[in-house]
Structure formats: C-alpha cells, structure tokens
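Heads up: the structure comes next, in structure tokens.
The values are calculated or read from the model by the stated rules, or taken from the named source; none is laboratory data. Owing to the predicted nature of the structure, the values given are computational and were not obtained by experimental measurement. Glycine also receives a Cβ, built like all others from the backbone with ideal geometry; neighbour counts cover every protein chain displayed. For the accessible areas, the whole protein counts, side chains as well, though only heavy atoms, and no ligand, DNA or RNA atoms are used. Shrake-Rupley method; radii C 1.70, N 1.55, O 1.52, S 1.80 Å.
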Amino acid sequence: MKEKILNLLGIAKRAGYIVSGTDSVIMEMRKNRAKIVFVASDSSEKTIDNFKRKCYFYNVECNFDFTGEELSHAIGQNRMILCLTDQGLCRAIQKYLRGDIDES
C-alpha cells in the first residue's frame, strides 16, 4: 500500500500537482488548493503539531505515515512537507489510505 501511494506522489510531482516546503504548503492551504498534506513522521514535534493545527483550521487532510526519506525519494527532492493539489489523485491516494483498494 505504501509503495502505491508513493508511486502516485511521484506521478503527481511529474504532472506538477505537488507543492513542497513549509511556506508553499501553507500558502496552498490558504488559497484552498491543497487537497491533502503529507508531513514526514520524523519531522520535529513542533512542526507536526503546527501542521496538525493548520490542517484542522483549513479543513485539509493531513498524513504522517511516511518518513522524510520516503517522501523525498518519491518526489525526487529532499522535502519533509508537501501537499497534493489535484482532486483526482487525492481520491486515489485516499482509497489506498482507507484500504478500499484490493491489492491482490
């Protein structure tokens, strides 16, 4: 399941639907364009808490299931925080996160 999500993030990056970096992600949330935010699980406690509150405030789903290394490898850049701006890819990722897709 994790590999499928990371592959979809890579596709989204190549398609131009990934925004990365703290300030850029917050700007996308303010503009109501961020569909889901990924924060690396090995980020600082302060960063994780900050994004939990911001995602709650802007009503954006936030995910902490991946490490910084996994996220960085998926998008080809060294990043700890990123967001997806495409609704279709977001729905596909959410299906994998919920376990709605059978992987057999």
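May I ask you to derive the FRET efficiency for R91 and N32 from their Cβ-Cβ distance with R0 = 25 Å, giving the value to the nearest 0.05? After rounding to 0.05, the efficiency reads 0.90.
Extending 7 Å from Cα along the Cβ direction at N59 and again at S41 yields two label points whose distance is 3.0 nm. Per residue, the chain exposes 59 Å² of solvent-accessible protein surface, assessed with a 1.4 angstrom probe and all protein chains in place.
Under a model in which nothing but the beta-carbon of Lys, Arg (+1) and Asp, Glu (-1) is charged, the chain shows a dipole of about 480 debye around its Cα centre. Taking a ≥ b ≥ c as the square roots of the Cα gyration tensor eigenvalues, with a/c under 1.5 meaning rounded and otherwise prolate when a/b beats b/c, else oblate, which class fits the chain? Cα axes put the chain in the rounded bin. Tally up the carbon and sulfur contribution to the accessible surface of the chain as a whole percent, 1.4 Å probe, everything protein left in place. Answer for the chain: carbon and sulfur cover 45 percent of the accessible area.
At a Förster radius of 22 Å, what calculated FRET efficiency corresponds to the Cβ-Cβ distance of R98 and A15, to the nearest 0.05? That pair, R98 with A15, gives E of 0.45.
Longer than 20 Å from Cα to Cα, which of K4/K35; K2/K95; K4/K46; K13/K35; K31/K54; K35/K95 are they? Say none if no pair is. Those over the limit are K4/K46.
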